[in-house]
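A quick write-up on the structure given underneath.
Values in this text are rule-based calculations from the coordinates and carry no lab data. It should be emphasised that the depicted structure is a prediction, and the values quoted were computed from it without experimental measurement. Cβ: placed from backbone, ideal geometry, glycine included. Neighbour counts: every protein chain shown.
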Amino acid sequence: MNRFFIFGTFTNAMVHRMTHSRARIGKAIIPAAGLGTRFLPATKATPKEMLPVVDKPAIQYVVEEAVAADLSDVLMITGRNKRPLEDHFDRNYELEEALTRKGDDGRLARVRESSDLATMHYVRQGDPKGLGHAVLCAEPHVGNEPFAVLLGDDLIDPRDPLLSRMIDVQGRFGGSVIALMEVAPEQIHLYGAAAIKPTDEVDVVRVTDLVEKPDAGQAPSNFAVIGRYVLDPAVFDAIRKTEPGRNGEIQLTDALRELSHRDADGGPVHGVVFTGRRYDTGDRGDYLRAIVRLACERDDLGPEFRNWLRTYVTEEMQE
Ligand code: G1P
């Protein structure tokens, strides 16, 4: 006898959740082909992803976040001048040998951390035609299973595990899941903006529409898309059908808009509303705030740095 018959009273949504194939999500895609113009001249010859946040490149936090959510297969979408990214996640035998000779085990461990972290893969985007196009470059690697996308500019505090929550929500609701954060109305034009409806879980909403970087007064809400996505592979076809949008680029938001109107085949799209700590390391002010906060919280640097900061701020306020 059919189990749905036995229990009798399931709603369509419940049946969908129960019968949805729960492929384990194991792959993370990190688009890293951007030019980093906001940080020139620092990014003239160095990828923006390599800029240090305290003493680790910003991109390492992002890979660590993927690994913490059990995604140890990482594909980076790179472009020209991005070789240092590959070198950072690879072994550096000369350096390791020099540190071994010196008996500097602490630094040796720090150097090896990044190469032992995950199984790294790289593919070049070629033409920088936008975020949607970058994600499409991952299709041969991803195949036909749900996967995660992490944008390098968004740094999520490791104590606020957003990605695991999104994977959990995708497993139960199916379709695709994006991360949303409420921002001030004057900030929403910098992001994808979502039209949403509540669900019976307090931090989960149904996304009913999306607009990439809306003009002033045109945003459907103040809920901004932040750079974490758990996507159904149907997104690849949706991207292929997506016309160039904002800035003449193939936008991931536009492909997701299409999925948000579906009940299956890549949809529905749900949003996990994030209220934790997030830094936009692509913005100079937020980049500085991330460094100050993370430095203050470090056991090795924090106590001395906090003391200095207190004195500095007191002096500043007296001027
Ligand atoms: C991208 C997305 C946008 C999203 C943002 C989050 O824009 O296109 O929808 O809100 O990331 O950081 P970018 O900031 O790369 O222009």
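Structure notes:
- Counting charges near residue 41 (Lys, Arg +1; Asp, Glu -1) among other residues having Cβ under 15 Å from its Cβ returns a value of +4.
- For a straight C-alpha distance cut-off of 30 angstrom, the lysines reachable from residue 102 (same-chain residues fewer than eight places away being disregarded) are 56.
- In plain terms, the residue of 150, 108, 190 with the fewest other Cβ atoms within 10 Å comes first and the most crowded comes last, giving 190, 108, 150.
- Directionally averaged projected area (convex hull, Cα atoms, segment 107-178), nm²: 7.0 nm²
- If R0 equals 30 Å, the separation of the Cβ atoms of residue 292 and residue 168 corresponds to a calculated FRET efficiency of about 0.40.
- 14 Å beta-carbon shell around residue 127, net charge (K/R +1, D/E -1): +2
- Taking each residue as 0.36 nm, the span from residue 44 to residue 90 lengthens on full extension beyond its C-alpha to C-alpha distance by 14.3 nm.
- Averaged over residues, the count of other Cβ atoms within 10 Å places the peptides 251-262, 301-312 in the sequence 251-262, 301-312, highest first.
- At full extension, residue 111 and residue 312 could sit 69.1 nm farther apart than now, given 0.36 nm per residue minus the alpha carbon distance.
- Gaussian network model of the chain, Cα within-10 Å springs - most flexible of 171, 143, 34: 143
- Taking trypsin sites (Lys or Arg not before Pro) across segment 96-179, the ones in a DSSP loop with at most 12 further Cβ atoms lying within 10 angstrom of their Cβ are 159.
- Relative contact order (%) - segment 24-112, alpha-carbon pairs under 8 angstrom, separation at least six: 34 percent
- Local electrostatic count, residue 225, Cβ distance below 14 Å [Lys/Arg +1, Asp/Glu -1]: -2
- Residue-averaged [θ]222 nm for the chain, counting only DSSP H segments that reach four residues, each worth -39500 (n - 2.57): -11000 deg cm²/dmol
- Taking the square roots of 5 times each eigenvalue of the Cα gyration tensor of segment 114-264, largest first, gives ellipsoid semi-axes of 23, 20, 17 Å.
- For segment 190-319, the relative contact order works out to 21 percent when only alpha carbon pairs closer than 8 Å and six or more residues apart are counted.
- Pairwise label distance in nanometres, residue 101 with residue 199, each label 7 Å out on the Cα-Cβ vector: 5.7 nm
- Residue order, fewest to most surrounding Cβ atoms within 10 angstrom, among 157, 300: 300, 157
- Proximal aspartates and glutamates to residue 48, defined as alpha-carbon separation beneath 15 angstrom and excluding residues fewer than eight positions away on the same chain: 86, 87, 153, 154, 280, 283, 286
- Normalising by residue count, segment 224-296 has a Cα convex hull of 113 Å³ per residue.
- Dipole magnitude (debye, nearest 20) for segment 75-177, charges at Cβ of Lys, Arg, Asp, Glu: 140 debye
- Relative contact order of the chain: 19 percent, from C-alpha pairs under 8 Å at least 6 residues apart in sequence.
- The chain - Debye-derived log10 I(q)/I(0), Cα point model, q = 0.12, 0.13, 0.15 Å⁻¹: -0.87, -1.00, -1.27
- Cross-link partners of residue 197 among aspartates and glutamates (Cα-Cα below 12 Å; sequence separation of 8 or more within a chain): 209
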